[in-house]
Amino acid sequence: MLKTIFEKEQIEIFGVLPFSACNCRRPDLIERKGVCAQDIRSAIVFLIPYYVQDGEGNISLYARSGDYHFYCDALFARILPELEEKFGGKFLGFADKSPIEENIAAAKAGLGVLGDNYMLINEKYGSFVFLAEILSTVSAQTLGFSGTVGEAKSCLHCGACKRACPALICGEECLSSLTQKKGALTLKQEEYIRKYGSVWGCDLCQLACPLTQKAVRSNVQTQIPFFKENRISVLTEKELNDMSPEAFRFRAFSWRGKAPLLRNLSIVAKKEE
């Protein structure tokens, strides 16, 4: 029954765990939704593939479509009532700001392995997936739990991601983090951004991973319309300035405001002069 519900949403990879198998760090997030954390009995963990092969760009692949939080809000609005109607009980949806350690739960559910960069790497989609989960007061067995909790396995530890990491190469902080930093940067930090040409985020450790590379070579792309539409691969200053407040908020790169993006665009433009 779960498979039918998820298939309608183009979501094919999910797993069910007893809630006791999840590492619950923030029970307060459950309580905020009006359910006692002690009443939660199961977790449905699933992957949301977002990769679209649209060539080089100056923003991270995850941020080229709309912000996935909007997608998840709409998804939960559609499927949570359906789940409650079919199974009874309460169903609560979470993504990113989650009560549980999402990557570990997904690995225990057999959805992939944990990379050295702490990302989940799926056999089909590589690391180009968002993680989300639905917690429920219904038992895991009722939802189709196999009866076995898997081990949270790790990747091959081949070192490819570390060798590709700009932070380790340049002795600086994480490039993705730096592009999101507010305020003025040092000359060294500016040169760092200019060298790699990113105005938001970084995908280099992911793209270097042989498991993710296998997915890229297989040309496996998301079938979810939300992530295929309204894409921006190369952000320009004009495009950014022309965005309405509503259009800007729709983007994953909006949460720090426009100032860091405009700064980074100016830095990268100096490289092209």
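Before moving on, here are some points about what is shown:
- Zone residues, segment 58-87, relative to Met1, backbone N less than 20 Å from point 7 Å out along Cα-to-Cβ: 76-87
- Positive contributions from Lys and Arg (+1) and negative ones from Asp and Glu (-1), summed over other residues with Cβ under 11 Å from the Cβ of Gly112, come out at +2.
- Residues with amide H under 5 Å from that of Arg251, placed H, sequence gap 5 or more: Asp67
- Computed packing ranks the peptides 23-36, 204-217, 156-169, 116-129 as 116-129, 204-217, 156-169, 23-36, most packed first, by mean other Cβ atoms within 10 Å.
- Over segment 1-112, equivalent-ellipsoid semi-axes from the Cα gyration tensor in Å: 26, 17, 15
- Between Gln141 and Glu239, residue separation times 0.36 nm minus the direct Cα-Cα distance comes to 30.3 nm.
- Summarising the label geometry, the points placed 7 Å from Cα in the beta-carbon direction at Cys158 and Lys33 lie 3.7 nm from one another.
- Taking only Cα atoms of the chain, radius of gyration then Dmax in Å: 19.8, 62
- Between Ile232 and Ser65, the built amide H atoms are under 5 Å apart, and every one of these is 5 or more places off in sequence or on another chain.
- Cα gyration tensor, segment 145-193 - rounded (a/c under 1.5), prolate or oblate: oblate
- Where labels lie 7 Å past Cα in the beta-carbon direction, separation of Lys97 and Glu173 in nm: 2.2
- Values of log10 I(q)/I(0), in the order q = 0.10, 0.19, 0.21, 0.24 Å⁻¹, for segment 139-232 under a Debye, Cα-only, solvent-free model: -0.47, -1.03, -1.09, -1.17
- The relative contact order of the chain comes to 27 percent, based on Cα pairs under 8 Å that sit 6 or more residues apart.
Throughout, read-outs are computed from the coordinates displayed, never taken from laboratory work. Since the model is a prediction, treat every value here as computed from it, not as a measurement. Cβ coordinates were reconstructed from backbone atoms using ideal geometry, including for glycine residues, and neighbour counts include every protein chain displayed.
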